[in-house]
Amino acid sequence: MASDSRTWVAERIYTSLRQDIMNFDLYPGTRVTETELAQRFGVSRTPIREALQRLSVEGYLTIRPKHGCYIRKLDVFELSEYYDVRVGLELEAIELLGKRIPYRAVAALAEDWNPKYLKYGDLGTDELKDAEEMFHVRLAELCGNPVLVRYLKDVNNHIRILRRLGFPDRDSVISTYEEHYEICQRILADDPDTARDLLRTHIHVSQAKGREVTLAQMEMHRRRAGNRRA
């Protein structure tokens with residue numbers, strides 16, 4: 001029972017901190033410590049440590065032993081380089097898929113993203129954002145190359161903040177359903193070239209939206225900070 005309670009507390013802290021990071025209330029580069037957060041949430045350091053470890057694994061922050069934790073800085077140029085690697089990995093996965101298409105698995109993935117049903121809702125919720133990332137991982141897993149999948153997951157850890165900001169409105173969510181669904185349909189139709197073209201465009205559009213929102217959020221934060229100093 002005590003373990004369940006601690007897990008629940010760690011989950012609550014994780015959710016709160018992740019939201020602060022996404023809202024730029026915890027600004028990129030900000031240092032936080034277990035002691036400060038324990039005081040803020042009124043808990044021991046154990047659930048704080050669990051929440052920070054999870055955020056570190058997911059790429060939201062970096063843990064530096066004896067120095068504290070630092071919210072990951074957002075370098076849009078470095079992120080663009082990670083996106084280039086991501087595109088290369090995912091296009092290669094489609095290429096490998098074309099050699100032995102697992103039709104049933106691809107059809108099931110397509111059905112999950114059928115825009116008629118909006119399985120994950122029509123808003124940019126955490127559930128949808130998690131599912132969107134997993135769509136690409138699941139598609140890569142079907143190519144049968146675990147090394148490729150491992151590298152893709154590592155890239156995802158570096159771009160997650162930007163990626164999750166790529167859903168500024170309902171239209172972008174609906175477009176994601178349509179694009180995911182059509183990519184699967186092209187694979188099922190044994191048309192990997194079109195699937196690759198669609199996937200490349202899909203990733204670059206998402207990247208551009210995330211970058212636009214990120215820069216706007218950072219500028220808003222700078223203005224608020226300037227107003228407070230004034």
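What follows is calculated from the coordinates using simple rules that are stated; it is not laboratory data. Predicted, not measured: the structure shown is a model, and the values here were computed from it. Reconstructed Cβ throughout: ideal geometry from the backbone, glycine too, with neighbour counts over all protein chains shown.
Are there trypsin sites (Lys or Arg not before Pro) in region 5-97 that DSSP marks as loop and that have at most 14 other Cβ atoms within 10 Å, and which are they?
LYS66, LYS73
Hey, if you drop one equal point scatterer on each alpha-carbon of the chain and run the Debye formula without solvent, what base-10 log of I(q)/I(0) do you get at q = 0.10, 0.12, 0.15 Å⁻¹?
-0.53, -0.74, -1.06
Enter the angle in degrees (range 0 to 90, nearest 10) between the Cα long axis of helix 126-141 and the first principal axis of the Cα atoms of the chain, meaning the one along which they spread out most.
Helix 126-141 and the main axis of the chain meet at about 50 degrees.
Only sites in a loop by DSSP and with at most 10 other Cβ atoms within 10 Å count here; which trypsin sites (Lys or Arg not before Pro) in region 132-230 make the cut?
Of the trypsin sites (Lys or Arg not before Pro), not one in the loops of region 132-230 has a Cβ with at most 10 other Cβ atoms within 10 Å.
Per the Kirkwood definition applied to all pairs of different Cα atoms, how many angstroms is the hydrodynamic radius of region 2-71?
Its Kirkwood hydrodynamic radius stands at 12.0 Å.
Tilt of helix 2-22 relative to the longest C-alpha principal axis of the chain, in degrees (0 to 90, nearest 10)?
Rounded to the nearest ten degrees, it is 80.
Based on C-alpha coordinates, I'd like the Rg and Dmax of region 1-138, in Å.
In order Rg, Dmax, the Cα atoms of region 1-138 give 19.0, 56 Å.
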